[in-house]
Each structure stands twice: as C-alpha cells, then as structure tokens.
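**Student:** The structure's right below; bear with me while I get my questions together.
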Amino acid sequence: MIDPATKKQLAVSADGDASPYIIVSLDVLKELEKILKDGNIRYWVDHEAISINQKPYLAVVNLSRNEDPKAVQQLIDRAA
Amino acid sequence: MATIADEINGLRDHSLQSLDDIHNFYTHTKQILRKHQIMMTMFPDFHQSVKNQETQQVLDDNNAFSSTQKYVDELRSATFQSMVMQFEGFYSDVFQLWYSYHPGNLAGQKVEFEDILEAPNKEDIIRKHIQTHVIGMAYTWIITWRSNLESHFKFTVSDERAAQIAEAKATRDIHAHNRGYVNQEYLRKTKNSARNAVGDYLDIPEDYYDKTWKMIKSLIGDIAEAVKKQKTR
C-alpha cells in the first residue's frame with residue numbers, strides 16, 4: 001500500500017527492542033486500521049497527528065510488541 | 001491556623017497537579033520525539049547527528065528511527081510508573097496526616113523503649129510512631145488498602161475501581177522489575193483483570209494510559225472528600 005503523502009510503501013518498522021510501528025498519513029489511516037482490525041492485530045494510534053511545513057498530517061500506529069512485524073507487513077501488502 | 005481539611009485539600013491539589021505534570025511531560029516530550037521521526041520521513045534531505053560525549057553514542061540516520069521509538073516506549077513506561085507511585089504516595093500521606101490529627105487511633109500500640117529514650121519530646125515519639133505505622137501499611141498495601149479506607153474514612157472502593165488499581169499497580173511492578181514481561185505474580189495480583197498471558201509483553205497503549213490517569217485522579221479526589229467528611233462526624 002502506497003501512502004500518497006510520502007509516496008512510499010507503508011512499512012512496519014521494527015528495530016532493536018523498540019515496539020514495532022508504522023508512520024502513516026491521515027489519508028490512509030482509516031484504511032490501515034481496517035486491515036489491522038480485520039487481521040486481529042493489537043495496535044493503537046498516537047493521540048496526535050503532526051504536520052510540518054504544511055505537509056500532510058502523519059500519525060504513528062504502534063503495534064503490540066507481541067505482534068510479529070513481518071506477519072503484519074505481509075498482511076498490509078496482501079491487502080494492497 | 002490550618003485545619004485537617006485545609007491540609008487534605010493541599011495534599012489532593014499537589015497530587016492532582018503532579019499527575020497533570022506527569023501527563024504533560026509524557027505528551028510534550030513524546031511530541032518532540034515524534035516531530036523528529038516525522039521530519040526524517042517527510043524531508044529525506046534532513047540529516048542530523050547527535051553525539052553523547054559521555055557514552056560516545058551517536059544518534060544519526062542509521063539509528064534515529066529505532067532509538068526514537070524506544071525512547072517513546074520508555075517514556076510511557078516511566079511516566080506510567082510515576083502515576084501509580086503518585087497514588088501510593090497520596091494514600092500514605094493521607095494516613096500520615098490523619099494519624100497526626102488523631103493519634104488516639106494508635107492508642108493500643110506499643111512503642112520501643114529505645115525510641116522513648118532517643119526522642120527529645122512526646123510529639124517526636126508520636127510523629128516517629130505514626131511514620132513507622134504508615135510505612136508498615138504501605139508494605140501490606142495491596143491486601144489492606146480498601147479495608148483501611150473503609151474502616152478509617154467509611155470510603156468504599158467499588159470492585160471495578162479496586163480491580164483497575166490492582167491491575168495498574170501490577171503493571172507498574174512488571175515494568176519496574178520484570179522488563180515489561182508478564183509473570184505468574186502479575187496474574188496472581190490481577191486475577192480476572194489481567195491484560196496479557198505469562199511471557200507476553202505488557203503493552204501500555206495510550207487509551208489504557210489515559211484511562212488509568214483519569215481513574216487515579218478521580219480516586220484521589222473522592223478519597224480527599226471522604227476524609228474531610230469523616231472529620232466532621
């Protein structure tokens with residue numbers, strides 16, 4: 001799934017022992033949430049979205065540390 | 001001259017302000033960290049490198065994303081723990097204050113002869129004994145806190161609130177002492193309100209964080225009111 005705001009593929013970031021997360025624009029947030037909900041993925045969205053220099057608002061979707069980031073990435077890719 | 005009601009109001013206000021400060025610290029610091037992540041996402045030409053001159057650790061394009069996410073995780077965990085400790089502190093302070101106005105409630109208790117010999121006056125003996133008694137109450141907190149509030153201030157904590165506080169305190173313990181991973185002790189403390197199974201990481205989602213913050217604030221307000229009413233009976 002391409003995020004029109006960043007023109008990049010939606011990617012699950014999972015580095016080190018931090019919790020996995022996805023940075024996403026508000027344009028596709030609802031669509032992403034539907035995919036995660038349908039896939040029974042435990043997640044929450046930061047309570048604020050941030051825009052810098054009038055660029056589109058971006059939010060961070062946090063995944064539970066108990067989720068497998070690769071499996072979530074596949075789920076997103078399949079849905080696209 | 002200050003009354004016990006004035007002092008309870010002072011304790012309450014201080015605790016509520018501290019809880020607001022904790023939430024603001026989390027929210028505002030997180031936003032600064034998030035802005036950094038967003039800058040790197042939206043502006044590929046944005047580069048910076050920060051070196052900690054004590055540890056020699058460098059934060060740059062290679063590790064900034066993962067470090068930032070880890071710092072947000074740790075910030076949420078640390079401030080959540082502070083919230084729960086704020087409630088425990090308020091609880092102890094209320095009893096400390098209550099006994100200082102009503103030391104007769106401890107009349108049946110014994111005082112060590114050594115404490116009498118070392119004390120400059122009677123007030124000091126009473127103050128130290130109250131302090132020791134309240135510290136003792138803190139050790140049995142998880143078992144007796146509801147009954148203590150009931151017996152001293154006729155304040156009933158609902159089962160729902162009690163379960164919520166017990167779970168929040170157990171989450172604090174897991175994050176403070178077990179790197180955030182659920183163990184049997186957590187299940188024993190939380191019973192039906194456990195949020196995860198043994199071996200799972202115990203996330204602190206923001207909705208849960210906010211719900212706990214609101215619950216602690218309302219409980220502190222309600223306890224303060226109950227103590228003030230009890231005083232006038």
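The values are calculated or read from the model by the stated rules, or taken from the named source; none is laboratory data. Source: prediction; values computed, not measured. Positions of Cβ are generated from backbone atoms using ideal geometry, with glycine treated the same way; all protein chains shown enter the neighbour counts.
**Student:** So if I check each of A:27, A:3, A:77, A:15, which one is without any contact (Cβ under 8 Å) to a residue 24 or more places away in the chain and of a type outside the set (Lys, Arg)?
**Tutor:** Sole residue among the options that is without any contact (Cβ under 8 Å) to a residue 24 or more places away in the chain and of a type outside the set (Lys, Arg): A:15.
**Student:** Assuming residue B:73 fulfils every condition listed in (1) farther than 30 Å from residue B:103 by Cβ; (2) surrounded by 16 or more Cβ atoms within 10 Å (Cβ to Cβ); (3) at pLDDT 90 or above; (4) in contact with a helix residue (DSSP H, G or I) (Cβ under 8 Å, 6 or more places away or on another chain) apart from one, which condition is it?
**Tutor:** The failed condition is (4).
**Student:** Looking at region B:14-37, is at least one residue within 14 Å of chain A (Cβ to nearest Cβ) and over 19 Å from residue B:206 (Cα atoms)?
**Tutor:** Yes; the residues of region B:14-37 include at least one that is within 14 Å of chain A (Cβ to nearest Cβ) and over 19 Å from residue B:206 (Cα atoms).
**Student:** Spot the failing condition for residue B:70; the list is (1) touching a residue at least 12 places away in the same chain (Cβ under 8 Å); (2) in a helix (DSSP H, G or I), and only one is missed.
**Tutor:** Only one criterion is unmet by residue B:70, namely (1).
**Student:** Here's a check for you: in region B:140-196, which residue that is of a type in the set (Phe, Trp, Tyr) and under 21 Å from residue B:93 (Cβ atoms) is surrounded by the fewest Cβ atoms within 10 Å (Cβ to Cβ)? Don't jump to the end; show me each part of the working.
**Tutor:** Within region B:140-196, the subset of a type in the set (Phe, Trp, Tyr) is B:141, B:145, B:153, B:155, B:181, B:186.
Checking the rest, the ones that are also under 21 Å from residue B:93 (Cβ atoms) come to B:141, B:145, B:153, B:155.
Working: B:141: 13, B:145: 21, B:153: 21, B:155: 19.
The qualifying residue surrounded by the fewest Cβ atoms within 10 Å (Cβ to Cβ) is B:141.
**Student:** If we scan region B:80-100, do we find a residue that is within 14 Å of chain A (Cβ to nearest Cβ), of a type in the set (Ser, Thr, Tyr) and in a helix (DSSP H, G or I)?
**Tutor:** no
**Student:** Something else about it: Scan B:60, B:20 and give me the residue that is more than 19 Å from the chain's Cα centre (by Cα) and of a type in the set (Asp, Glu). Walk me through it before giving the result.
**Tutor:** Numbers: B:20 fails: more than 19 Å from the chain's Cα centre (by Cα).
Among B:60, B:20, only B:60 is more than 19 Å from the chain's Cα centre (by Cα) and of a type in the set (Asp, Glu).
**Student:** Mind listing just one residue for me: the one in region A:3-33 that is acidic (Asp, Glu) and part of a helix (DSSP H, G or I) and, of those, farthest from the other protein chains (Cβ to nearest Cβ)?
**Tutor:** A:31
**Student:** Does any residue in region B:20-48 that is in contact (Cβ under 8 Å) with a residue 24 or more places away in the chain come within less than 6 Å, Cβ to Cβ, of a residue that is among the β-branched types (Val, Ile, Thr) and surrounded by 13 or more Cβ atoms within 10 Å (Cβ to Cβ) six or more places away or on a different chain, and which pairs are these?
**Tutor:** Pairs that qualify, where the first residue is in contact (Cβ under 8 Å) with a residue 24 or more places away in the chain and the partner is among the β-branched types (Val, Ile, Thr) and surrounded by 13 or more Cβ atoms within 10 Å (Cβ to Cβ), are B:22/B:79; B:26/B:79; B:30/B:72; B:33/B:68; B:33/B:72; B:34/A:50; B:36/B:68; B:37/B:68.
**Student:** Let me ask something additional. Residue B:50 is checked against (1) farther than 30 Å from residue B:149 by Cβ; (2) surrounded by 18 or more Cβ atoms within 10 Å (Cβ to Cβ); (3) of a type in the set (Val, Ile, Thr) and fails just one. What number does that condition carry?
**Tutor:** Condition (2) is where residue B:50 drops out.
**Student:** Related question: Report yes if residue B:124 is in a helix (DSSP H, G or I), of a type in the set (D, E, K, R), within 22 Å of residue B:83 (Cα to Cα) and out of contact with any His (no Cβ under 7 Å at 6 or more places or on another chain), otherwise no. Steps first, answer last, please.
**Tutor:** Working: in a helix (DSSP H, G or I): yes; of a type in the set (D, E, K, R): yes; within 22 Å of residue B:83 (Cα to Cα): no; out of contact with any His (no Cβ under 7 Å at 6 or more places or on another chain): yes.
No, not satisfied.
**Student:** In this structure, is residue B:100 at pLDDT 90 or above and over 17 Å from residue B:87 (Cα atoms)?
**Tutor:** yes
**Student:** In region B:199-233, which residues are hydroxyl-bearing (Ser, Thr, Tyr), without any contact (Cβ under 8 Å) to a residue 24 or more places away in the chain and more than 9 Å from chain A (Cβ to nearest Cβ)?
**Tutor:** B:218, B:232
**Student:** Can you tell me which residue within region B:38-66, out of those that are assigned to a helix (DSSP H, G or I) and either more than 10 Å from every other protein chain (Cβ to nearest Cβ) or hydrophobic (A, V, I, L, M, F, W, C) (or both), is nearest to residue A:8 (Cα to Cα)?
**Tutor:** Taking region B:38-66 and keeping what is assigned to a helix (DSSP H, G or I), we get B:38-42, B:64-66.
Add one more test, that the residue is either more than 10 Å from every other protein chain (Cβ to nearest Cβ) or hydrophobic (A, V, I, L, M, F, W, C) (or both), and what stays is B:38-40, B:42, B:64-65.
Values: B:38: 14, B:39: 15, B:40: 13, B:42: 10, B:64: 19, B:65: 16 Å.
Here the residue is B:42.
**Student:** Turning to a different aspect of this structure: Consider region B:180-198. How many of its residues are at the interface with chain A (Cβ under 9 Å from one of its Cβ atoms) and either within 20 Å of the chain's Cα centre (by Cα) or at positive phi (or both)?
**Tutor:** 1
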